[in-house]
Structure formats: structure tokens, C-alpha cells
Amino acid sequence: MTTPGFHPTHVVPQDGLPAWEEPDPSRPTVPLDPLLPVQLVDRLGDWGRVVCSNGWSAWVDGRLLVPVPQAPPEAGSPLARTADPRPLLTRVEDALIRYRRAAEELATGRIDGESFRDRTRGQRIGVIVDGESVWIYDGEHERWVYCDGTRLSTFAAEHDPSAATPEHPADPYPREQTGVVQASARDDREPTRLVSYDGDELGET
């Protein structure tokens, strides 16, 4: 039975979604079914409280909800912009430059290993480029995002939902569709390789 006045704002991802009675990982409840329409009524950091069509309410990882398209804008109104990938690309580029400079100073003996660790402590960089598709680790919000060159969308979250803090600010991309994003299949490409660097040498993983 649908509650009168229920208007879904989001749907559950295609794999379903864990749910909790309260914004507390120690209090799980019945998970939500795949593609279930829900109404997002409250936010607490990464947590989101949703209401189902029958009136049942639960807390979920709000980062993983898929927004329901709203009514199209009125004729003549400006088009809404999607999340611009350029600021995040710039932050990743700057972090990589800082790491490279520290690695060069270590290689030339201008700093020792302890100084290198101090210079690079806390840096977390992750980028996978595959043609037009790019996966970027967003360290500020502890998630991987997918970029097609024009917009960002959440690919995977690293942790359970958390309350908003200076280290875990509210979602900066609230209107983007979230979930697993796959690039177009092209069998003629060689598989992507990941490498690690410990300050001395590269190693393939």
C-alpha cells in the first residue's frame, strides 16, 4: 500500500542496499530491494534517511542512492551543470607533483627516508585512465569516482556512512547518479596494469 503523497526522489542501486535502524553501523535492519523507489527525507553526513512507499523508514548510505530524474526545466531556463571534474583533476595533479618532487629529492640524496615519509604522509592518490574513461580516487571524500570527461559520478565508497566532519564533508555531488559505471567494452586493448612505488623502485601488481 502506497502512502498518499509519496513522491520518490531516489531508487536503490541494482544490487540492493544495506539499511540501518539508526545512523549507526551496529544497528542493521532489513536491506532494501534493488531498484526500490524511496524518498530521501534527511541527511547526516554520508547517512541518508529514506522512506519507502509503505511508510517504512530506514537509514542508508546516502552516497549510493540513485537520483530519480526530476521534471525537465521550464523553457528558457538555464541548464543545470553536472559535477565539474576539473577541480578534482587539479587536486590529483597537484598531489602527484608534490609526490614526484619528494621522490626526486630522495633519489638525489637531498632528503633521507624519514624526511620522504614525512613529506608524503597522508597523501592518497589514485587514477586509472582507459581512453576516454577515468577512475579517480577522491581522498577528501574517501570514494572512487568515474569521469567521462564532462562529469563525475560516484563509483565506489570506501567506508560505511559517517557523520559530516571537516574530514568527511557532505557529498559535493548530490545530483549525480551513483553506482558502478563501466566503460565500453573494447577487446582489442591490453588489460590495465597497476604499479606501486615505495620510493626506490616500481613494482607491478
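Summary of values
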| quantity | calculated |
| --- | --- |
| Gain upon complete extension [GLU104, GLU140; 0.36 nm per residue less C-alpha separation] | 10.4 nm |
| Residues THR150 and ASP33, FRET efficiency given R0 of 35 Å [Cβ-Cβ distance, rounded to 0.05] | 0.65 |
| 5 angstrom amide H check on GLY45, placed H, neighbours 5+ away | ALA164 |
| Residue-by-residue Karplus 3J(HN,Hα) for segment 123-133, coefficients 6.51, -1.76, 1.60, Hz, glycine and proline x | 6, 9, 10, x, 9, 10, 10, 9, x, 7, 9 |
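All of the numbers you see were taken from the coordinates with simple rules; none came from a lab. Predicted model only: the values in this text are computed from it and were never measured. Note: ideal-geometry Cβ built from the backbone for every residue, glycine included; neighbour counts use all protein chains shown.
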